[in-house]
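Sharing a structure below in C-alpha cells format, with a few things to ask.
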Amino acid sequence: MILYFFSLLFTLKKITMENNEKVIDALNDLVKINNDRIEGYEKAIEDSKSDPEYDSLFREMIDQSRKYKEQLINEINTIGGKADRNSNTGSGKVYHVWMDLKSSLQGKSAKSALQLSEFGEDAAQKAYAEALKTDDLPASTRDLILNQKEHLKTSHDTIKRKRDLQEAH
C-alpha cells in the first residue's frame, strides 16, 4: 500500500514536471518572438529615418515587447523554469535576413518598414495563438498570454492602418 502511494506520487510529479516543461517551452517561444519584434522594430527605425513620424511608433513597439518579455520571464521563473532571454526564433532570423535583402533591393522607406513590421506582427499573433493551445496552462499564465495577445493585436492593427495610409499615397 505504501509502495503504491509513493508510485502514485512519483507519477503525478512526473506528469506535473512534463506539463511545466511544455508551458515553459511555450513561454520561451513568446520571449523569442518578442526578441524578434524588438530587433524588427530597431531595423524599422533604421529603415525609416527619413520619416520621424514613425520613429516614436516603432520605439513604442520596442518598449511594449521589452515589457512583455520581462513579464514572460517572470512567469517562467514563477513556475520554476529557466528563461531563454536573448534568443530569437529560427523563423525570426530568416525573417531578418529577408528584411535586409528586401530593404537593400527596394530601398529604405517608411512604407517598406511598415510592410515588414506588419509581417512581424502577423508572426507574433500566430505565436501567441500557438502558446494558448498548450495543455494545462495555469490560469495566471493563460491570462498573461491572452492580455499580451490582445494588446499585440491592437499594435498589429495600428501598424496595418499606418501601412494602408502609406500605400494610399
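Condition test on Y54, is it touching a Phe, Trp or Tyr at 6+ places or on another chain (Cβ under 7 Å) and of a type in the set (F, W, Y)?
Details: touching a Phe, Trp or Tyr at 6+ places or on another chain (Cβ under 7 Å): no; of a type in the set (F, W, Y): yes.
The answer is no for Y54.
Which helices (runs of 4 or more DSSP H) does region 53-157 wholly contain that include 3 or more residues that are in contact with a helix residue (DSSP H, G or I) (Cβ under 7 Å, 6 or more places away or on another chain) and at pLDDT 85 or above?
Result: 53-78, 110-132.
Which residue out of E53, E46 is under 22 Å from D157 (Cβ atoms), surrounded by fewer than 18 Cβ atoms within 10 Å (Cβ to Cβ) and more than 11 Å from the chain's Cα centre (by Cα)? Show your work before the answer.
On the way: E46 fails: under 22 Å from D157 (Cβ atoms).
Just a single option satisfies the conditions, and that option is E53.
What do you reckon, is Y41 modelled with pLDDT under 65 and among the aromatic types (F, W, Y)? Walk me through it before giving the result.
On the way: modelled with pLDDT under 65: no; among the aromatic types (F, W, Y): yes.
For Y41, the condition - modelled with pLDDT under 65 and among the aromatic types (F, W, Y) - is not met.
The values are calculated or read from the model by the stated rules, or taken from the named source; none is laboratory data. What you see is a predicted model; the values in this text were computed from it and never measured. Quick reminder, even Gly has a Cβ in these numbers, built from the backbone with ideal geometry, and neighbours come from all protein chains shown.
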